[in-house]
Amino acid sequence: MVKPVSWAVIIGQLTTFVLFAMPYFLFLANKDSIGTHPRSLYERLGWPSAVVAVVLVFAELALMYVQARRAMRFEPAHVEPLPDDGDADGDETHEGMSII
């Protein structure tokens, strides 16, 4: 059975999104106190960088989806547990046959 995604991964995804969005909110909150030249640079590069950030977030989600689909596809349908015979050296016979 494929294990579900852990909460650490989910929190990591949300953190990634927040860290991508934080500079834009900080700029909007402080744009009046930023000098003219840096402000024009931020305004000129704002939309292209936002597009790149959104593409990266969706690429990350898509790759996680592909990974989960591949894990499910290659998961064995039925796996029987190995017998626990208690033999540490592994040369004990099982059902009349030698394991070695």
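The values are calculated or read from the model by the stated rules, or taken from the named source; none is laboratory data. Just so we're clear, the structure is a prediction, and the values are computed from it rather than from any experiment. Every residue, glycine as well, gets a Cβ built from its backbone with ideal geometry; the counts of neighbours run over all protein chains shown.
Say we look at region 1-40 and pick out the residues that are assigned to a loop (DSSP other than H, G, I, E, B) and touching a residue at least 40 places away in the same chain (Cβ under 8 Å); which of these is nearest to L61 (Cα to Cα)?
So, considering only residues that are assigned to a loop (DSSP other than H, G, I, E, B) and touching a residue at least 40 places away in the same chain (Cβ under 8 Å), the one nearest to L61 (Cα to Cα) is V5.
So in region 45-100, with the set limited to residues that are acidic (D, E) and modelled with pLDDT of 70 or more, which one is nearest to V18 (Cα to Cα)?
So, considering only residues that are acidic (D, E) and modelled with pLDDT of 70 or more, the one nearest to V18 (Cα to Cα) is E60.
F17: among the aromatic types (F, W, Y), out of contact with any strand residue (DSSP E or B) (no Cβ under 7 Å at 6 or more places or on another chain), surrounded by 11 or more Cβ atoms within 10 Å (Cβ to Cβ) and at pLDDT 70 or above, yes or no?
yes
Scanning for something outside any helix (DSSP H, G or I) and either exposed (fewer than 11 other Cβ atoms within 10 Å of the Cβ) or in contact with a Phe, Trp or Tyr (Cβ under 9 Å, 6 or more places away or on another chain) (or both), does region 49-60 turn up at least one residue?
So far as region 49-60 goes, no, none of its residues is outside any helix (DSSP H, G or I) and either exposed (fewer than 11 other Cβ atoms within 10 Å of the Cβ) or in contact with a Phe, Trp or Tyr (Cβ under 9 Å, 6 or more places away or on another chain) (or both).
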